[in-house]
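The values are calculated or read from the model by the stated rules, or taken from the named source; none is laboratory data. No experiment lies behind these values; they were computed from the predicted model shown. Positions of Cβ are generated from backbone atoms using ideal geometry, with glycine treated the same way; all protein chains shown enter the neighbour counts.
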Amino acid sequence: MRLLPTLALLAGLAAPAALCQTPATPPTVPPCDGAFAIVRVSEIKPESSMDKFLAAVAAQKAWYAAHVPGDKIFVSRVKERKATEYSTTEAITYHFYSNPTGAEPKHDAGFDAFVKLYSESSTITATYFTCMPAGLAPSM
């Protein structure tokens, strides 16, 4: 009967040691025959506008052009189903990375400014890390 409490005590003592172990190497980026991109679907907030969201995209493009010139960022407007106009409530952005395994540049006030514009104007509803085939990806 004393075996169970002893095993429980030993397991409890071993658990913190296991938590302190150095983690395994982070996973590597899988091979891609084109360009890596983050694709985000964003919903425009009712109290905001598509124009403010597009200003956030423009600010993000300008910041990355100054800090990571090879990255490409653009927005794709979503056409409303059975309508002849584009949505004013949903958009898709693409951020193509020139070096997807490199470190992100240091964030500064300009970075914080475009992130603030995004958070004021929209909510991200889906995010995908994708490999765009070489024939469809922008030239990097």
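So Ser121 fits all but one of (1) in contact (Cβ under 8 Å) with a residue 40 or more places away in the chain; (2) within 17 Å of Phe36 (Cα to Cα); (3) surrounded by 13 or more Cβ atoms within 10 Å (Cβ to Cβ); what number is the exception?
With (1) in contact (Cβ under 8 Å) with a residue 40 or more places away in the chain; (2) within 17 Å of Phe36 (Cα to Cα); (3) surrounded by 13 or more Cβ atoms within 10 Å (Cβ to Cβ) applied to Ser121, the lone miss is (2).
Residues being at pLDDT below 90 and hydroxyl-bearing (Ser, Thr, Tyr): count how many of those fall in region 98-140.
Final tally of qualifying residues: 3.
Working carefully through the options Lys82, Lys72, find the one that is touching a residue at least 60 places away in the same chain (Cβ under 8 Å) and either among the hydroxyl-bearing types (Ser, Thr, Tyr) or out of contact with any helix residue (DSSP H, G or I) (no Cβ under 8 Å at 6 or more places or on another chain) (or both).
Just one listed residue meets the conditions, Lys72.
Looking only at region 75-101, how many residues end up being closer than 19 Å to Ser49 by Cβ, among the hydrophobic types (A, V, I, L, M, F, W, C) and not in a loop (DSSP other than H, G, I, E, B)?
Final tally of qualifying residues: 4.
Which of the numbered conditions does Ser48 fail, given that it passes all the others? Conditions: (1) at pLDDT 95 or above; (2) more than 15 Å from the chain's Cα centre (by Cα); (3) not in a loop (DSSP other than H, G, I, E, B).
(3)
Here's the yes/no breakdown for (1) among the acidic types (Asp, Glu); (2) modelled with pLDDT under 95; (3) under 30 Å from Leu117 (Cβ atoms); (4) out of contact with any Phe, Trp or Tyr (no Cβ under 7 Å at 6 or more places or on another chain):
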residue: Gly12; (1), (2), (3), (4): no, yes, no, yes
residue: Ala15; (1), (2), (3), (4): no, yes, no, yes
residue: Phe36; (1), (2), (3), (4): no, yes, yes, no
residue: Ile44; (1), (2), (3), (4): no, no, yes, no
residue: Ala55; (1), (2), (3), (4): no, no, yes, yes
